[in-house]
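Each remark here refers to the structure printed beneath this line.
Bear in mind these aren't lab numbers, they're just calculated from the coordinates by the rules spelled out. From a predicted model like this one, the values you see are computed outputs, not experimental measurements. Backbone-built Cβ (ideal geometry, glycine too); neighbour counts: all protein chains shown.
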Amino acid sequence: MKRPFFPALRLRRAPGLRALSLCAVLLAAACAGNPNPAPPPAPPAAIPARGGTGARRLVFIGLDGWGGAYVSKADMPRVKGMIARGASTFKARAVLPTVSWPNWSSLFSGAAPEIREGRGDFPSLFTVLKNHPGKAGGAVLFYEWEPLAGLCDDAAAEKRRIRSTAESAREVAAYIREKKPVFTAVVFDEPDGTGHEKRWGSRAYYRRLNEMDGYIGLIEDAVKEAGIYDETVFVISADHGGSFWGHGHNLPKQRAIPLIIRGRGVKEGFTIPPPVSICDIAPTMAAILGLEIPGEWTGRPLGDLFQ
Ligand SMILES: [Zn+2]
């Protein structure tokens, strides 16, 4: 089940919380009789941009509710091709609770929810890209679940609403062929809905995964047709898995998610060693593109998967 109140709560609470903590600091200073309270600690220094993989573009595709336990048996020829020619793990770990908002936001912001709480200005990969010289304006976010529009502000990415349909996949493909974005993020809301309705691991769930594989294929073909395949890295992942008819708990089938990275500068046929957190995905994507990694991010780039 989706929890649309998560981002709303976060947005609404942020200013109030900040005002409250300011009052607390002032009050504490007054009580202590100290007219010059110590300034809050500066955030840790950013890891500066490095050469990256030489990739100039990155395409992220997320499938909501695709658990790592549901990769081996799935009929997903395009994804399996990327696994064979890329680096992958089916045991990356989602944060708790295993629901959508805490996980998609951790995936794009490199830190768990408790680190980002009350910080409306916490940097995401979209803001890092916006502030990087020469890369501003190069990001697009295709999203299906409405709260995901809140992953970044409107200045950091062009945003377009999609659905889990071939028509939407063709729309993404056309956009890539025409605009060749630096960072394309596509987040489909399936197979989550099918899992809730028909059960995770059911025949209907696997059928839906096969359909999603076709959409991924349309997007991969568009990158080839745009003539940018050799300079692009694909990252395919999810927010959480599921078991029976749901998710939200700390169970292996709900917590383990796939992470597949394929493209320029990435090792082929490589299994990414554990532990891998969903918080490592944003720093890894930043490293691939040669962007700086904000010091506030707690995830780390998965370095050993580069050639
Ligand atoms: Zn769900």
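Quick notes on this structure:
- For the range 212-227, 3J(HN,Hα) computed residue by residue from phi via the Karplus equation (6.51, -1.76, 1.60; θ = phi - 60°) reads 4, 4, x, 5, 4, x, 4, 6, 4, 4, 5, 5, 5, 5, 7, x Hz, glycine and proline entered as x.
- ³J(HN,Hα) computed for each position of the range 69-81 - Karplus, 6.51 cos²θ - 1.76 cosθ + 1.60, integer Hz, glycine/proline x: 6, 10, 9, 4, 7, 6, 8, 10, x, 5, 5, 5, x
- Legend: residue pairs K224/K267; K135/K224; K91/K180; K159/K253, Cα-Cα distance threshold 24 Å; pairs beyond threshold, K91/K180; K159/K253.
- Share, in percent, of DSSP beta bridges within the range 57-305 that are antiparallel, nearest 5: 30 percent
- Peptides 219-230, 183-194, 261-272 ordered by average Cβ neighbours within 10 Å, highest first: 183-194, 261-272, 219-230
- Dipole orientation for the range 57-305: of the candidates I281, A112, G134, I281 has the Cα lying most toward the positive pole (charges on Cβ; Lys, Arg +1; Asp, Glu -1).
- Fewest neighbouring Cβ atoms within 10 Å first, the residues H196, H247 line up as H196, H247.
- Dipole check for the range 56-201: with +1 at the C-beta of Lys and Arg, -1 at the C-beta of Asp and Glu, and the Cα centre as origin, the magnitude is about 760 Debye.
- Note on R161, R57: ascending count of other Cβ atoms within 10 Å places them as R161, R57, the fewest first.
- About its Cα centre, the range 135-197 has a charge dipole of approximately 480 debye under the convention of +1 per Lys or Arg Cβ and -1 per Asp or Glu Cβ, with nothing else charged.
- What you get for the range 57-305, charging only the Cβ of Lys and Arg (+1) and of Asp and Glu (-1), is a dipole of about 620 debye around the Cα centre.
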